[in-house]
Amino acid sequence: MDTRVVVIGGGVIGCAAALALARKGARVTLLERDAIAAGASQAAAGMLAPLSESDAPGCLATAGLEALAMHKSSAQALEEIAEMPIAATLAGTFMLARDEKQTEALRRRLAWQRELDDSIALLEGDEVNRAVPGLGEGFLAGLHYPAEMQVDARSYTIALATAAVAAGVEVVQGKPVIAFRRSGERVIAVETPEAVINADRFLVATGHDASLLHSLGVALPLQPVKGDLLRLRPARGVTRSIIFAPGGYLTPKANGTLLVGATEQPGRHDHVVEAASVAQLLEFAFSVLPSLRQARFVAVQSGLRPALPDRLPAIGPIPGLEGVFVAVGHYRNGILLAGWTAERLARAMLGGEDCIPAGFLPARLLGT
Ligand code: FAD
Ligand code: GLY
């Protein structure tokens, strides 16, 4: 008999999971309270940057590299199935340093990251200015990560949802899950305002919103970390690579715009963007690429990153609650990790496989 699965949340994580579950033979319904990609997934910069986004060795860097390889091998097929572009480009990343202390930090990164990717190189002095034309003054060194990529985050999420529908998933938008129904320790159904939907397994992929988990007595300490981004349109092509420097990052997009990111505002649940955030991001952008002063200002966008205290995701079963799995807390790397998370979860949910690293299991945060 087919396993019936309800996925709650139509962000990048829920859409990727629904697709992976359906491809493994489950009968899947995805319930989204608003619209597909209405949450953090529409605001993300779309960088697929496992090593420039990892400060230390561990399961995040390892999973991120596996996730990047999955993007490389699956992006074209996803575009074909969904019949839409996701703007996947091999951008490469530069991580820049302005002083000796920051340069020393880059050398320490290189020491452990080279073990994982031997294409990473440290550039010093004039090499940096030659590699990144138009760079502002005072940059002493830079790490180059040639293998890192990017996509358009919203398009990628919508493409996953479209592919999920093609694989047989029922996607229902505008329907919040408001409660669970239980039989003892087993969850047997979810309630929306109009319906009760029975299933064998349930996946909570509600981004930063922990209210449903709390209603089950699951005290995962999730919180939003708000991030604001600016979208500029440079007068002429500036950089084709992603640039990280102390204070932020610049991400040139395939449509000719460039994102300047991002603020980090823990605990904020709103999408209000203060003038000070815009000023901070613009100052950062001008200090890295002075010609951006002439860029057209296009928009500000803001999203709520789902974050746990150790800044790692929680992926897997909830101990003591049969049938319930979570995939939340992907913080700065949900676009990167969505396909990886989905594949591991589908194997765990349908085959009972023990394939999720202990550092990602929700049990680590639940005292069980
Ligand atoms: P969301 O996208 O927030 O989706 C959760 C969904 O659940 C929402 O659509 C919500 O409406 C729905 N929901 C909640 N409660 C219910 C309910 N009761 N019933 C039904 N539906 C419900 N990541 C990267 O990998 N690379 C980047 O470059 C990057 N840049 C970022 C830049 C910024 C400024 C921000 C804010 C984030 C960035 N991220 C990036 C992180 C990435 O956006 C997140 O990790 C990812 O989008 C999280 O996806 P999600 O599906 O968990 O959450
Ligand atoms: N990964 C970039 C951000 O979260 O801002």
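The values are calculated or read from the model by the stated rules, or taken from the named source; none is laboratory data. These numbers were taken from a predicted model, which means no experiment stands behind them. Here Cβ is always computed from backbone atoms with ideal geometry, including for glycine, and neighbour counts include all displayed protein chains.
State which residue is modelled with the lowest pLDDT when the search covers only the range 248-284 and only residues that are polar (S, T, N, Q), part of a loop (DSSP other than H, G, I, E, B) and away from ligand 1 (no atom under 11 Å from the Cβ).
Asn255
Between Ala88, Ala77, Ala49, Ala20, which is surrounded by fewer than 24 Cβ atoms within 10 Å (Cβ to Cβ), among the small types (Gly, Ala, Ser) and within 15 Å of ligand 1 (Cβ to nearest atom)?
Ala88
A quick yes/no check of all residues on (1) outside any helix (DSSP H, G or I); (2) modelled with pLDDT of 95 or more; (3) of a type in the set (Gly, Ala, Ser):
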residue	(1), (2), (3)
Val6	yes, yes, no
Gly10	yes, yes, yes
Ala17	no, yes, yes
Ala22	no, yes, yes
Val28	yes, yes, no
Leu31	yes, yes, no
Ala38	yes, yes, yes
Ser41	no, yes, yes
Ala45	yes, yes, yes
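Looking at Ser291, Ser302, Ser287, can you tell me which residue is under 27 Å from Asp55 (Cβ atoms), among the polar types (S, T, N, Q) and more than 10 Å from ligand 1 (Cβ to nearest atom)?
Ser287
Tell me which of these Arg154 doesn't satisfy, since it passes every other one: (1) more than 28 Å from the chain's Cα centre (by Cα); (2) of a type in the set (D, E, K, R); (3) assigned to a helix (DSSP H, G or I).
With (1) more than 28 Å from the chain's Cα centre (by Cα); (2) of a type in the set (D, E, K, R); (3) assigned to a helix (DSSP H, G or I) applied to Arg154, the lone miss is (1).
State which residue pairs qualify: first residue part of a loop (DSSP other than H, G, I, E, B) and inside the range 223-247, second residue of a type outside the set (D, E, K, R) and within 14 Å of ligand 2 (Cβ to nearest atom) in any location, beta carbons under 6 Å apart, and separation of 6 or more residues or different chains.
Within 6 Å, the pairs are Ser241/Ala91; Gly247/Phe284.
Sort out which residues of the range 187-197 are surrounded by 11 or more Cβ atoms within 10 Å (Cβ to Cβ) and either at pLDDT below 95 or not in a strand (DSSP E or B) (or both), and write them in order of number. Spell out the reasoning first.
Restricting attention to the range 187-197, the residues satisfying the condition of being surrounded by 11 or more Cβ atoms within 10 Å (Cβ to Cβ) are 187-192, 195-197.
Thr192, Ala195, listed by residue number.
Across the range 100-121, what is the number of residues that are outside any helix (DSSP H, G or I) and surrounded by 13 or more Cβ atoms within 10 Å (Cβ to Cβ)?
Selection size over the range 100-121: 5.
Looking at the range 89-129 only, could you name the residues that are of a type in the set (Gly, Ala, Ser) and at pLDDT below 95?
Correct list: Ala91, Gly125.
List pairs: first residue in the range 45-65 and at positive phi, second residue assigned to a helix (DSSP H, G or I) and within 13 Å of ligand 1 (Cβ to nearest atom) anywhere in the structure, Cβ distance under 8 angstrom, at least six positions apart or on different chains.
Gly46/Ala153; Gly46/Tyr156; Gly46/Ile335
Go through Ala35, Ala82, Ala40 for me and flag whichever is among the small types (Gly, Ala, Ser), surrounded by 24 or more Cβ atoms within 10 Å (Cβ to Cβ) and either touching a residue at least 12 places away in the same chain (Cβ under 8 Å) or within 24 Å of Gln301 (Cα to Cα) (or both).
Working: Ala35 fails: surrounded by 24 or more Cβ atoms within 10 Å (Cβ to Cβ); Ala82 fails: surrounded by 24 or more Cβ atoms within 10 Å (Cβ to Cβ).
Matching residue, one of Ala35, Ala82, Ala40: Ala40.
Condition first: in contact (Cβ under 8 Å) with a residue 40 or more places away in the chain and more than 21 Å from Arg33 (Cα to Cα). Can you find one or more residues in the range 152-161 that meet it?
Yes, the range 152-161 contains a residue that is in contact (Cβ under 8 Å) with a residue 40 or more places away in the chain and more than 21 Å from Arg33 (Cα to Cα).
Please indicate, with yes or no, whether at least one residue in the range 122-145 is within 18 Å of Leu68 (Cα to Cα) and not in a strand (DSSP E or B).
Taking the range 122-145 first, the residues within 18 Å of Leu68 (Cα to Cα) are 144-145.
Pick out the ones that are also not in a strand (DSSP E or B) and you get none.
No: the range 122-145 contains no residue that is within 18 Å of Leu68 (Cα to Cα) and not in a strand (DSSP E or B).
What is the residue count in the range 154-170 for residues that are within 16 Å of ligand 2 (Cβ to nearest atom) and surrounded by fewer than 24 Cβ atoms within 10 Å (Cβ to Cβ)?
The total comes to 1.
Looking only at the range 359-368, which residues are without any contact (Cβ under 8 Å) to a residue 60 or more places away in the chain and of a type outside the set (Lys, Arg)?
Passing the criteria: Leu361, Ala363, Gly367, Thr368.
Could you tell me which residue of the range 310-368 is nearest to Ala18 (Cα to Cα), considering only residues that are among the charged types (D, E, K, R) and not in a loop (DSSP other than H, G, I, E, B)? Break it down into steps so the answer makes sense when it comes.
If we filter the range 310-368 for residues that are among the charged types (D, E, K, R), which is where we start, we get 310-311, 322, 332, 343-344, 347, 353-354, 364.
Still in the running and not in a loop (DSSP other than H, G, I, E, B): 322, 332, 343-344, 347, 364.
Details: Glu322: 19, Arg332: 21, Glu343: 10, Arg344: 12, Arg347: 12, Arg364: 25 Å.
Looking at residues that are among the charged types (D, E, K, R) and not in a loop (DSSP other than H, G, I, E, B), I get Glu343.
Among the residues of the range 209-230, are any closer than 30 Å to Leu106 by Cα, in contact with a Phe, Trp or Tyr (Cβ under 8 Å, 6 or more places away or on another chain) and either within 11 Å of ligand 1 (Cβ to nearest atom) or modelled with pLDDT of 95 or more (or both)?
So far as the range 209-230 goes, yes, one or more of its residues are closer than 30 Å to Leu106 by Cα, in contact with a Phe, Trp or Tyr (Cβ under 8 Å, 6 or more places away or on another chain) and either within 11 Å of ligand 1 (Cβ to nearest atom) or modelled with pLDDT of 95 or more (or both).
Would you call Gly217 surrounded by 13 or more Cβ atoms within 10 Å (Cβ to Cβ) and either in contact with an Asp or Glu (Cβ under 7 Å, 6 or more places away or on another chain) or not hydrophobic (A, V, I, L, M, F, W, C) (or both)? It would help to see each step written out before you state the result.
Details: surrounded by 13 or more Cβ atoms within 10 Å (Cβ to Cβ): no; either in contact with an Asp or Glu (Cβ under 7 Å, 6 or more places away or on another chain) or not hydrophobic (A, V, I, L, M, F, W, C) (or both): yes.
Taking the combined requirement at face value, the residue does not satisfy it.
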